[in-house]
Amino acid sequence: MQPASSNISSPVRTIGIGSRKSQLALVQTYWVREQLQQHFPDISFEVHTMSTQGDNILDVALAKIGDKGLFTKELELRMLNLEIDFAVHSLKDLPTCLPEGLVLATVTERENPADALVVHQKYKDKQIDTLPFGTVIGTSSLRRLAQLRYHFPHFTFKDVRGNLNTRLAKLDDGEYDVLILAAAGLQRLGMSHRIHQILPTELSLYAVGQGALGIECRADDLQVLSLLKAIEHVPTRDRVLAERAFLRELEGGCQVPIGVDTQLDENTLTLTGLVASVDGKRLVKDSVTGTASEAENLGIQLAHNLRQQGATEILTEIFQTVQRS
């Protein structure tokens, strides 16, 4: 593809990119910068890093901190203060309702969105359905916890925080028997060899937006909006628009047991979603199908279907429990 810098009106300025400081966040952000630099070689892109609330609080389960913008608020404030021009997020961390003045400008092509089983050496000959009674599963996700408790109530579940290398070190030291992690994160960090098993969607629907990058910027910054469209992946955007509409309609956050699976076959989009109780005893699940142009409406329709099947009661109970905690 030819560089597209001539499509952007002058004057050209240095573009500031916001990123968290974690290894994975930086890998993702520098990948975005590289893609943009290829399209616009005459523009300067500078990365600015910072820590977020979710990065700084590592001794408390994510669900007990609160789920609205744990990994995004500080970056959003810097955008609104004109200190940076856009921010690169793991899309699963980006709330479905953004602060006034900010928009989801672009979604990049999705990596494998599935959850992955990573095992201690002693279980290298096991799959998730052959792990023994009492196996200690490490996960910080209520979504993974609820689904796995539903299918495997005989496992022991233990919260795990920290960056990817920290969590893997805890696994290798024997603090956990297995971890459940996002396959995309492992792949982006060159750790695909640690993936022991990709969990089928029958066992674990993935998080809304998982595997995709979402780039957020100011709604009135037309130059940056135009730049970012150069790296948008439309099929991924269609899929995640349906997922985010589903999550938004259920009023759920990233730390609520809501899972999805989205398939796009030419122009036909199929969205599957579930809501589960944290104890794994209740789970409602359904699917809807339509055209890609109906993506957000499909998400809303699926949310209504699940509410009719009992999702409201499950979510109300979860919100009350989290608030008490």
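The values are calculated or read from the model by the stated rules, or taken from the named source; none is laboratory data. The shown structure was predicted, so the numbers you read here are calculated from the model rather than taken from an experiment. Virtual Cβ from ideal backbone geometry, glycine too; neighbours counted across all protein chains shown. Note: accessible area is taken over every heavy atom of the protein model, side chains too, but ligands, DNA and RNA are not part of it. Shrake-Rupley method; radii C 1.70, N 1.55, O 1.52, S 1.80 Å.
Quick check on this structure: which one of T130, T72 is at pLDDT below 95 and either under 27 Å from S226 (Cα atoms) or open to solvent by 20 Å² or more (accessible area, probe 1.4 Å) (or both)? Walk me through how you get there before you give the answer.
On the way: T130 fails: at pLDDT below 95.
It is T72.
Restricting the first member to the stretch 95-112 and to residues that are among the aliphatic types (A, V, I, L, M) and at pLDDT 95 or above, and the second to residues that are open to solvent by less than 40 Å² (accessible area, probe 1.4 Å) and in a loop (DSSP other than H, G, I, E, B), the beta-carbon pairs closer than 8 Å and six or more apart or on different chains are L104/L94; V107/A212.
Counting only helices (runs of 4 or more DSSP H) that fall entirely inside the stretch 216-325 and contain at least 1 residues that are over 24 Å from T72 (Cβ atoms), the qualifying elements are 234-249, 295-308, 311-324. Annotation: V234 fulfils all but one of (1) closer than 18 Å to N297 by Cβ; (2) β-branched (V, I, T); (3) at pLDDT below 95; the unmet one is (3).
Within the stretch 188-208, residues that are under 19 Å from A242 (Cα atoms) have Cβ atoms under 6 Å from residues that are open to solvent by 50 Å² or more (accessible area, probe 1.4 Å) and assigned to a helix (DSSP H, G or I) in these pairs: A207/K92, counting only partners at least 6 apart in sequence or on another chain.
Restricting to the stretch 124-166, name every residue that is basic (K, R) and in contact (Cβ under 8 Å) with a residue 60 or more places away in the chain. Break it down stepwise before answering.
Let us first name the residues in the stretch 124-166 that are basic (K, R), namely 124, 126, 143-144, 149, 158, 161.
Passing the criteria: K124, R143, R144, R149, R161.
If the requirement is being under 19 Å from the mean Cα position of the chain (by Cα), under 20 Å from V278 (Cβ atoms) and buried (at least 17 other Cβ atoms within 10 Å of the Cβ), which of these qualifies: L148, L213? Give the derivation first.
On the way: L213 fails: under 20 Å from V278 (Cβ atoms).
Just one listed residue meets the conditions, L148.
Conditions tested, residue by residue: (1) buried (at least 17 other Cβ atoms within 10 Å of the Cβ); (2) within 11 Å of T106 (Cα to Cα); (3) under 18 Å from the mean Cα position of the chain (by Cα).
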{"site": "R218", "(1), (2), (3)": "yes, no, no"}
{"site": "R237", "(1), (2), (3)": "yes, yes, yes"}
{"site": "E249", "(1), (2), (3)": "yes, no, yes"}
{"site": "N267", "(1), (2), (3)": "no, no, no"}
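Restricting attention to the stretch 288-307, and to residues there that are open to solvent by 50 Å² or more (accessible area, probe 1.4 Å) and closer than 13 Å to G273 by Cβ, which single residue is nearest to the chain's Cα centre (by Cα)? Going through the qualifying residues, I end up with I300. Checking each residue in the stretch 152-166 for being crowded, with 17+ Cβ neighbours inside 10 Å and at pLDDT 95 or above picks out F152, F155, F157.
Can you report the number of residues in the stretch 12-33 which are in a helix (DSSP H, G or I), closer than 14 Å to L213 by Cα and open to solvent by 30 Å² or more (accessible area, probe 1.4 Å)? Give the derivation first.
Kept after step one, since they are in a helix (DSSP H, G or I), are these residues of the stretch 12-33: 23-33.
Now drop any that are not closer than 14 Å to L213 by Cα, which leaves 24-33.
Then keep just the ones that are open to solvent by 30 Å² or more (accessible area, probe 1.4 Å); that gives 24, 26-27, 30-31, 33.
Final tally of qualifying residues: 6.
Looking only at the stretch 303-320, residues that are modelled with pLDDT under 90 and in contact with a Ser or Thr (Cβ under 9 Å, 6 or more places away or on another chain) come to 2 in all.
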